[in-house]
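We did not get these values from a lab; they are worked out from the coordinates using the rules stated. Since we're looking at a predicted model, the values are computed, not measured. Because the Cβ atoms are built from the backbone with ideal geometry, glycine has one as well, and the counts that use them run over all protein chains shown.
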Amino acid sequence: MTGRATKLIRARPRDAAERWVDTGRDDAIAPSKAETYTARLTIDITPALRGRIKVAAFERGITVADMLRTLLDERFGGPSDDPGQTAS
């Protein structure tokens, strides 16, 4: 040995807030199946169109993602109309 003291590193106890962050949700509010299984969609648009979309979302007081999800849902139907999902 080199004479150096070996330090034991102990993990500190995790509190409820840290467990909540790690799980990503509150146990009292379980996510729906649609929220659990999502897919990312990437499209190329012009900077001008992007600007118009951002302004429209800002004027409505919502995020661009929420606005586009609503528009796509209105145009293509909700989860119950999805032909890729099986009936439960």
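Put in line by how crowded their Cβ is, counting other Cβ atoms within 10 Å and starting with the fewest, 43, 62 read 43, 62. The modelled label-to-label distance for the pair residue 76/residue 49, using points 7 Å beyond Cα in the direction of Cβ, is 1.5 nm.
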